[in-house]
1. Condition (residue is outside any strand (DSSP E or B), aromatic (Phe, Trp, Tyr) and within 27 Å of ASN356 (Cβ to Cβ)) applied to segment 272-279: is it met by at least one residue?
2. Scan segment 350-364 residue by residue and report those that are over 15 Å from TYR332 (Cα atoms) and in contact with a Gly (Cβ under 8 Å, 6 or more places away or on another chain).
3. Any idea which residue in segment 218-256 is nearest to ASP310 (Cα to Cα), counting only those that are more than 22 Å from the chain's Cα centre (by Cα) and open to solvent by less than 20 Å² (accessible area, probe 1.4 Å)?
4. For segment 74-130, name all the residues that are at pLDDT 95 or above and on the phi > 0 side of the Ramachandran plot.
5. Suppose we keep only residues that are of a type in the set (A, V, I, L, M, F, W, C) and open to solvent by 40 Å² or more (accessible area, probe 1.4 Å) within segment 87-99. Which one would you say is nearest to TRP121 (Cα to Cα)?
6. If you take the residues in segment 267-284 that are β-branched (Val, Ile, Thr) and surrounded by fewer than 23 Cβ atoms within 10 Å (Cβ to Cβ), which one is farthest from ARG246 (Cα to Cα)?
7. Yes or no: TYR12 among the hydroxyl-bearing types (Ser, Thr, Tyr), touching a helix residue (DSSP H, G or I) at 6+ places or on another chain (Cβ under 7 Å) and either outside the structural domain of TYR399 (by the TED database) or open to solvent by less than 70 Å² (accessible area, probe 1.4 Å) (or both)?
8. Suppose we filter LEU373, LEU385, LEU331, LEU335 for residues that are hydrophobic (A, V, I, L, M, F, W, C), out of contact with any strand residue (DSSP E or B) (no Cβ under 7 Å at 6 or more places or on another chain) and either at pLDDT 95 or above or open to solvent by 40 Å² or more (accessible area, probe 1.4 Å) (or both); which single one remains?
Amino acid sequence: MAAKLKKFLLRYYPPGIILQYERDGAMKQKPIDLLDLTPDVDVEVLLSQIIRQEPLISENRRPALRQLIHRLIDKMLEQQHHSFTLFKVLRAHILPLTNCAFNKSGDRFITGSYDRTCKVWNTFTGEEIFTLEGHKNVVYAIAFNNPYGDKIVTGSFDKTCKLWDAYTGQLYYTLKGHQTEIVCLSFNPQSTIIATGSMDNTAKLWDVETGQERATLQGHRAEIVSLGFNTGGDLIVTGSFDHDSRLWDVRTGQCVHVLSGHRGEVSSTQFNYAGTLVVSGSIDCTSRLWDVRSGRCLSVKQGHTDEVLDVAFDSAGTKFVSASADGTARLYHTLTGVCNHTLVGHEGEISKVAFNPQGTRLITASSDKTCRLWDCDSGECLQVLEGHTDEIFSCAFNYEGDFIITGSKDNTCRIWKALTASSQPGAPGGPGARPQTAFSYND
């Protein structure tokens, strides 16, 4: 039976349109990624190209599609947030914090701590919703299963990982199998698999539905400190202190490529959204871009004078950034490889960096007790977020980019709100609404 288009869904970050269609009685989804979309695009040419390339879309859909493209462009032209104000200070835990993370809609976030717990917070009230208790050692790595946000995974120095219901706090499973501390973890984007990386030199894949181990990824010769899935969820990248990163086939658990070349420990790795590239940062003061298909190193980025501690792509993958112990961050154009800006201003190392979903702003967290907000186009520092009394090691934007959380060794988590923030509980398009999918067209 032929596939029948039922609905268009809008995805703002990165720009795209999701086709919901029916085939053989089952509803399926297919994305059309518009990662290179800019406000000055020739919309009619783009429409013709989409209609020509996508069999599900016929010419009579052009008006509906045109409307969606214009909505994506309007979103790009919205006023950008220039200035954030302190919204809440949360004295989160008795012992130091390890990490913090937003759910996709940004109405909740989680904090992990040396006090062996993970706490779930309401972003808008600053109230603790509940505490996830049960680990016997430091809770180090934590994540929501975004975009769904109904599950939380916690990884601990007690060698186990725990999977929780994000709404009730109920424990689903304890994932046992690692020999030593778990230091990194991730859900795949489909929320069917959890990956954990450990000081025992292995990563493991676990089934979300059953809590069973699916595979052990063996091959690294030192601890795995970074891991992440590609958008399709069929590949995973791991970064290790053995100086290498590795690409693995999620289905088989086999190593597909060893990304070899760094002369020091790998600190951070990430896929671009298209899944064609991986960026890695290393203690050897460089970052590298790798071709996923061949495993070849495409370029080595030099310029930092000390360890690279974090790397990240923006949501569309058109830019990437490296953050260093030398107190600077370097912002690159992915396609040309040119370093557009060196972000100078911090007086201590930068351990964490994050783009807003729009790819227009960048935040850097530093040991100088501040977080800085940067304009990606100009490289200018727009604001210094001051108030923490010890080093900041964690920073994140929410999905709309109008809230920031920072986590510090001073045992507080701070929520910063844009002066022009539109997010509020239950507002249309705000965190109470379903993120990412603006309903548009139905047969």
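The values are calculated or read from the model by the stated rules, or taken from the named source; none is laboratory data. Values in this document were obtained by computation on a predicted structure and should not be read as measured data. Positions of Cβ are generated from backbone atoms using ideal geometry, with glycine treated the same way; all protein chains shown enter the neighbour counts. These area figures cover heavy atoms from the full protein model, side chains too; ligands, DNA and RNA do not enter into them. Shrake-Rupley method; radii C 1.70, N 1.55, O 1.52, S 1.80 Å.
1. Going through segment 272-279, the residues outside any strand (DSSP E or B) turn out to be 272-276.
Subsequent filtering for residues that are aromatic (Phe, Trp, Tyr) retains 273.
Pick out the ones that are also within 27 Å of ASN356 (Cβ to Cβ) and you get 273.
The answer is yes, given that some residue of segment 272-279 is outside any strand (DSSP E or B), aromatic (Phe, Trp, Tyr) and within 27 Å of ASN356 (Cβ to Cβ).
2. Those that are over 15 Å from TYR332 (Cα atoms) and in contact with a Gly (Cβ under 8 Å, 6 or more places away or on another chain): ILE350, ASN356, PRO357, GLN358.
3. Among those residues, the one meeting the criterion is ASP242.
4. Listed by number, the list holds a single entry, ARG116.
5. We begin by selecting, within segment 87-99, every residue of a type in the set (A, V, I, L, M, F, W, C); these are 87, 89-90, 92, 94-95, 97.
Within this subset, residues satisfying the condition of being open to solvent by 40 Å² or more (accessible area, probe 1.4 Å) are 87, 89, 94-95.
Details: PHE87: 14, VAL89: 12, ILE94: 16, LEU95: 17 Å.
Step by step, filter segment 87-99, then rank; the result is VAL89.
6. Residues of segment 267-284 β-branched (Val, Ile, Thr): 269, 276, 278-279, 283.
So of that shortlist, the ones also surrounded by fewer than 23 Cβ atoms within 10 Å (Cβ to Cβ) come out as 276, 283.
Details: THR276: 14, ILE283: 17 Å.
Selected residue: ILE283.
7. So TYR12 fits the description; yes.
8. On the way: LEU373 fails: out of contact with any strand residue (DSSP E or B) (no Cβ under 7 Å at 6 or more places or on another chain); LEU385 fails: out of contact with any strand residue (DSSP E or B) (no Cβ under 7 Å at 6 or more places or on another chain); LEU331 fails: out of contact with any strand residue (DSSP E or B) (no Cβ under 7 Å at 6 or more places or on another chain).
Of LEU373, LEU385, LEU331, LEU335, the one residue that is hydrophobic (A, V, I, L, M, F, W, C), out of contact with any strand residue (DSSP E or B) (no Cβ under 7 Å at 6 or more places or on another chain) and either at pLDDT 95 or above or open to solvent by 40 Å² or more (accessible area, probe 1.4 Å) (or both) is LEU335.
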